[in-house]
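Structure first, commentary second.
The values are calculated or read from the model by the stated rules, or taken from the named source; none is laboratory data. This is a predicted model, so every value here is computed, not measured. Ideal geometry is used to build each Cβ from the backbone, glycine not excepted, and the neighbour counts take in all protein chains shown. We work out accessible area using only protein heavy atoms, side chains counted, and drop any ligands, DNA or RNA first. Shrake-Rupley method; radii C 1.70, N 1.55, O 1.52, S 1.80 Å.
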Amino acid sequence: MSLRVLIEPSAIPIVVEVIPSAAHATDPGVVEIREAGVSDHAVHLDVGGLHIWYLLEAIPTGLVDLTVMYVEETARLFLGGHRLSCVVDVARRVVEHRFEHCLFWSFDRDTRPGFVLEAGELDCLFRGLDGRVLGQTSVDPPWDCHVETAGVRFESMMLGTTFLAFPDGPA
């Protein structure tokens, strides 16, 4: 099985290599991120000279296996795999703001400029451009979302309506 990696348009070069996890090597200068469970594949990312290993299980989901998004304004790398999303501070070379997902779906910077809407199978959240989780709501598939004045409304059969307020909205 081959893994699919999506690299969102980026201001810095990002090079990707996928190998079996047993073949990956770590050394002190490398950032390693491991999803819970069995990790049988390793995605090596070279992000402007920073080397990152993202280890995950190759499970068929019908979705992209790893999404990579660099936010130039804060020098943060957003990573979303099957079960985990996190943010890497590229300058300090540290992993920040981990979030466990049932299944990660996507990052979206267009819904509310200045923030990142992160979608998962059972959770949707807003992150700041520095990666901090600023708001979260539960969802269940299949769900529809509707952007409204104060935030995003999610509709689903089990949970009904849930709402994720814009982080910069009225208190």
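A few notes on this one:
- Evaluated at q = 0.26 Å⁻¹: base-10 log I(q)/I(0), Debye formula over Cα of region 88-168: -1.34
- Cleavage-rule hits (GluC sites (Glu not before Pro)) in region 110-171: DSSP loop, at most 15 neighbouring Cβ within 10 angstrom: GLU148
- Nearest-20 debye value, region 66-171 charge dipole, Cβ charges on Lys, Arg, Asp, Glu: 360 debye
- About the Cα centre, charge dipole magnitude for region 1-151 (Lys/Arg +1, Asp/Glu -1 at Cβ), debye: 280 debye
- Mean sequence separation of contacting Cα pairs (under 8 Å, at least six apart), scaled by the length of the chain, corresponds to a relative contact order of 13 percent.
- Inter-centroid distance (Cα atoms) of region 122-171 relative to region 32-52, Å: 28 Å
- Value of Rg to Rh for region 1-128 (Rh from inverse mean 1/r over Cα pairs, i.e. Kirkwood): 0.93
- The alpha carbon radius of gyration of region 82-135, expressed as a multiple of 2.2 N^0.38 Å, is 1.09.
- Difference of contour (0.36 nm per residue) and Cα-Cα distance, SER10 to ALA22: 1.4 nm
- Value of relative contact order over region 82-147, rounded to a whole percent, pairs C-alpha under 8 Å and six or more apart: 22 percent
- Here the accessible area of region 8-165 is 55 percent carbon and sulfur, with a 1.4 angstrom probe and all protein chains present.
- Rounded accessible area per residue of region 43-171, 1.4 Å, Å²: 43 Å²
- Considering only the Cα atoms of region 1-76, their convex hull presents on average a projected area of 5.5 nm².
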